[in-house]
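Here the structure is laid out as structure tokens; the discussion comes afterwards.
Derivation of every value follows stated rules applied to the coordinates shown; laboratory data play no part. Just so it is clear, the model here is predicted, and its values are computed rather than measured. Don't worry about glycine lacking a Cβ; one is built from the backbone with ideal geometry, like all the others, and counts go over all protein chains shown.
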Amino acid sequence: MATVQKNNKMAVKVYTQEYKGKDYLHVREHYTTPDGDLKPTHKGVSVELALAEELLKALAQVVGTVRNSPEKAQAMDESLKLALAAIPAKPTP
């Protein structure tokens, strides 16, 4: 599971889950409860895990198109820096 903090109250979680014998990839917004727990919202998407690679390619294509637009590239760079900063570094052995 991976979590990207969207703001103080919302996060986006990416995870897999089995349902009726099939594996699904979920990309879903979660809200923070007063107790500090993250709970899922209806905002998100679920696809069969077999389609995950195709979905990843589509996302990369869209991001690539945006990055090639000079006026949007700088904003994208800043957003990407923030998203990457939210991902914990792998511990060194």
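The table below gives the values:
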quantity: Residue satisfying condition, being within 19 Å of L59 (Cβ to Cβ) and among the hydroxyl-bearing types (S, T, Y), within set Y19, Y24; calculated: Y24
quantity: The stretch 1-23: number of residues that are surrounded by 14 or more Cβ atoms within 10 Å (Cβ to Cβ) and of a type in the set (G, A, S); calculated: 1
